[in-house]
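The values are calculated or read from the model by the stated rules, or taken from the named source; none is laboratory data. Predicted, not measured: the structure shown is a model, and the values here were computed from it. Backbone-built Cβ (ideal geometry, glycine too); neighbour counts: all protein chains shown.
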């Protein structure tokens, strides 16, 4: 009977490479024909949405869209506020060593700064500094040899190998829009100026073969009321959602990551039963990307030899990524922001936009130190007819320490931060207290090279060489010896050595220890 190998297969996903870069995206925004000319910009900010990411030779191509939101004073006698909501596409490539076509690429984009210039009443030049991060993953169905059969007298040594098996990923895109009613006491809608949409209360739970994802879509709307004063109004709505993401193979022991993103939004005023524009018809396209792994312990052959034949094998190195630890923490910040004298006084705050930025992290023995800041923009209705809407920016630095058992200096981390809550109180016409809670998720990563037997072959050994072994050998253990190495060296078995020496297979071998080695070959 010829040699046969028993194999176990595991799908492994590992990081090929990653990098980040900055780029300037420049666009000319043309004022729509229905809008009057721009005299002065009150507020211009934006959001970025990542589209497709494609790996190529040593680089990743990233497509995305920048959504700009502009509030401005038009040119003319009427000093009302007007808005422009538009988007512009962009494409960029990030150098990632060892990336190849066909590999999976993921990208993240962040707006770091926006600058603009009014070229004329119908055109605004916008320059956006984008930070683009790209990561390239590869997948392989790797086979591991778990046993050898069909060979008389073959001895095998098995080790337990922890492998994070890649279960797969799935994407769900759905429309979470609803018909939203204008709160009682507020006037109907004359014109929508601005919508700020974000996902809060993110939560996910793993069930058999699926992930249950929940969240709330928070919507803040700034609009001009249909009243005599054409007053600037704002309102807040929240839409809860729950979605199932099918992912065969996931279970209670699986580890899953879910990315939430808003791909598209649309808000249109609609009439209620009385014929007034007191309904906001919303369309909000949400994308959920889920990725799952499962830890498996495989028993694989790490060494082998034959008593009556020669066993040769080839080894292979495999680099795997391992999540050492996942830690969650929160940072609570509070600040009283004082509006300086160059900005108009506050009549009413309608939103505070907060964005956390990580400057650096340092891994020490047992903990991770984070340094960063939260950039906040206070959007408010001003006591000023020339500047009825205004934005005031501030920055609140923070330092935070997270305890992580077993972490060592130089460890690599993935740090994800998001604003869980941002509450505010207007204290006076020039003071606003901001209270921020930041969720911090830290993933401690490690990569290791696994050496395993990938192929085994058998060849005959001359009978004469087998009989050269003495019937009994007295061996004095050397540094690094163990029972397996001694048995392999003298072509016998660990069981026979243990039996004649009256020791256990679990016993360690001391340097200089006298070991009686019987000849197995007769």
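When segment 308-341 is limited to residues that are modelled with pLDDT under 85 and not in a strand (DSSP E or B), the one that is surrounded by the fewest Cβ atoms within 10 Å (Cβ to Cβ) turns out to be 341.
Residues checked against (1) surrounded by 16 or more Cβ atoms within 10 Å (Cβ to Cβ); (2) assigned to a strand (DSSP E or B); (3) out of contact with any strand residue (DSSP E or B) (no Cβ under 8 Å at 6 or more places or on another chain); (4) at pLDDT below 95:
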| residue | (1), (2), (3), (4) |
| --- | --- |
| 126 | yes, yes, no, no |
| 139 | no, yes, no, yes |
| 144 | yes, yes, no, yes |
| 151 | yes, no, no, yes |
| 156 | yes, yes, no, yes |
| 159 | no, yes, no, yes |
| 166 | yes, yes, no, yes |
| 174 | no, yes, no, no |
| 177 | yes, no, no, yes |
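Would you confirm whether any residue within segment 227-237 is outside the structural domain of residue 349 (by TED's automatic domain parsing), within 25 Å of the chain's Cα centre (by Cα) and modelled with pLDDT under 95? Within segment 227-237, none of the residues are outside the structural domain of residue 349 (by TED's automatic domain parsing), within 25 Å of the chain's Cα centre (by Cα) and modelled with pLDDT under 95. Among the residues making up segment 381-395, those that are touching a residue at least 40 places away in the same chain (Cβ under 8 Å) and in a strand (DSSP E or B) are 381, 389, 390, 391, 392, 394.
Taking residue 285 as the residue in question, decide whether it is farther than 30 Å from residue 104 by Cβ, outside any loop (DSSP other than H, G, I, E, B) and at pLDDT 90 or above. No; evaluated as a whole, the condition is false for this residue. Restricting to segment 250-282, name every residue that is assigned to a loop (DSSP other than H, G, I, E, B) and over 21 Å from the mean Cα position of the chain (by Cα). The answer is 271, 272, 273, 274, 275, 276, 277, 278. Return yes or no: is residue 475 surrounded by 14 or more Cβ atoms within 10 Å (Cβ to Cβ), modelled with pLDDT under 90, in contact with a strand residue (DSSP E or B) (Cβ under 9 Å, 6 or more places away or on another chain) and within 25 Å of residue 311 (Cα to Cα)? Against the criterion (surrounded by 14 or more Cβ atoms within 10 Å (Cβ to Cβ), modelled with pLDDT under 90, in contact with a strand residue (DSSP E or B) (Cβ under 9 Å, 6 or more places away or on another chain) and within 25 Å of residue 311 (Cα to Cα)), residue 475 does not qualify. When we screen 83, 87, 65 for residues that are buried (at least 18 other Cβ atoms within 10 Å of the Cβ), at pLDDT below 95 and either within 30 Å of residue 352 (Cβ to Cβ) or more than 34 Å from the chain's Cα centre (by Cα) (or both), the only hit is 83. Residue under question is residue 344, and the condition is that it be buried (at least 19 other Cβ atoms within 10 Å of the Cβ) and not in a strand (DSSP E or B); does it hold? Criteria met by residue 344.
Yes or no: segment 411-430 includes at least one residue that is over 30 Å from residue 489 (Cα atoms), surrounded by fewer than 12 Cβ atoms within 10 Å (Cβ to Cβ), touching a strand residue (DSSP E or B) at 6+ places or on another chain (Cβ under 6 Å) and modelled with pLDDT of 85 or more.
yes
For every residue, the table says whether it meets (1) at pLDDT below 90; (2) within 30 Å of residue 404 (Cα to Cα); (3) within 49 Å of the chain's Cα centre (by Cα).
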residue	(1), (2), (3)
447	yes, yes, yes
459	yes, no, no
467	yes, no, no
470	yes, no, no
485	no, no, yes
491	yes, no, no
502	no, no, no
515	no, no, no
519	yes, no, no
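Of everything in segment 179-199, what is surrounded by fewer than 15 Cβ atoms within 10 Å (Cβ to Cβ) and either free of Cβ contacts under 8 Å to residues at least 40 places away in the same chain or in a strand (DSSP E or B) (or both)? Give them in sequence order. The answer is 179, 181, 184, 185.
Here is a check on your reading of the model: is residue 269 at pLDDT 95 or above and loosely packed, with under 13 Cβ neighbours inside 10 Å? Answer is no for this residue.
Can you find a residue in segment 201-209 that is not assigned by TED's automatic domain parsing to the domain that holds residue 83 and not in a strand (DSSP E or B)? Yes, because at least one residue in segment 201-209 is not assigned by TED's automatic domain parsing to the domain that holds residue 83 and not in a strand (DSSP E or B).
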